[in-house]
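In what follows, a structure is listed as structure tokens, so that the remarks can point back to it.
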Amino acid sequence: MTPRPLPLLLLALALTAAACASYTVEGDFAGRPLNGHAEPALTIVLIHNHGFSRAQAGTYRPATPPILRFAADRNPDVVVFSQVRNIANPTAADHAAFIESAVAHFHTERGVPIENIILAGQSCGGWGSLYAAAYRYPTIGGVLAFAPTCHGKLPHPPEVRARRAKELVKLAERLRAQGTIFVYEGDSYYDVAEWDGFATRTAGRAPWLRIVRVSRPRVLELCDFCGRDSHGAYWDGRFAAAFFDDHVQTLIDGIRARIRARLAASAH
């Protein structure tokens, strides 16, 4: 679950969310900062969260994968904030709470509507993003989860498999956000078959939430360093080129349209 390091554009920025003082919101903007926007109500904020590795715990630095860096590069009204979670032994609840704190900061302290925020993450960051969207912020603008899991490497013992199955059912029952969940064949942290019933359960409640299953041959086409494991596929620029337009840009365009509709309605 180790994030692949990428060059940073800005020095690390540490912020504290007033709503959850015990969880420090620390990270870096990829490109333009939020304070470059005079109107936060017109700005889309994408919060990215990395996966988890015990070897890097406490020493993470912000990094943004190409598929999310495209979001800032191609959309002048989008700000991408890559969050880090620097505690040694976080639980799955901690991962979600860090993300919830970031949403609280941008909403409460920076004036960004919840509906303008996209949660994105990989591995534990993706799992935490789904949980934050399902249980804390049901009106969140969108979610992008890449290889979401926070259950350790395979094989999972029976009790972990049972717990994960229940958690997936509950997520499907509660999640209403628009967006995409990416799962890959050949991932060493989960089995794609675990997601078989998820889309069926969300179809009636959240038909706008898509699941993309990326086959092992397709992963190898799109990721140079995925020869042994598919888990970190989203760090490759070819993965970004393959999926950005249909999933990330489409989500951004939909949120932008809803922002304009809200503003038009309030003007009458």
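Just so you know, all these numbers are worked out from the coordinates, no wet-lab data involved. Since we're looking at a predicted model, the values are computed, not measured. Here Cβ is always computed from backbone atoms with ideal geometry, including for glycine, and neighbour counts include all displayed protein chains.
Details
- With 0.36 nm allotted per residue and the present C-alpha distance subtracted, the GLU185-ALA88 stretch has 32.0 nm of extension available.
- Shown here for the range 212-268: chymotrypsin sites (Phe, Trp or Tyr not before Pro) in loop regions (DSSP other than H, G, I, E, B) with at most 11 other Cβ atoms within 10 Å, namely PHE225.
- Over the chain, DSSP H runs of length four or greater, each weighted -39,500 (n - 2.57), average out per residue to a 222 nm ellipticity of -9500 deg cm²/dmol.
- The residue among PRO76, TRP235, THR108 whose Cα reaches farthest toward the positive pole of the charge dipole of the chain, with charges on the beta-carbon of Lys, Arg, Asp and Glu, is THR108.
- Here the range 62-185 is treated as an ellipsoid with the same Cα gyration tensor; its semi-axes, largest first and in whole Å, are 25, 16, 15.
- Cα centroid of the range 66-139 to Cα centroid of the range 198-268, whole Å: 15
- Cα gyration tensor, the chain - rounded (a/c under 1.5), prolate or oblate: rounded
- Taking label points 7 Å from Cα along the Cα-to-Cβ direction, ARG74 and GLU159 give a separation of 4.6 nm.
- Looking at the chain, the DSSP beta bridges with both ends there are about 25 percent antiparallel.
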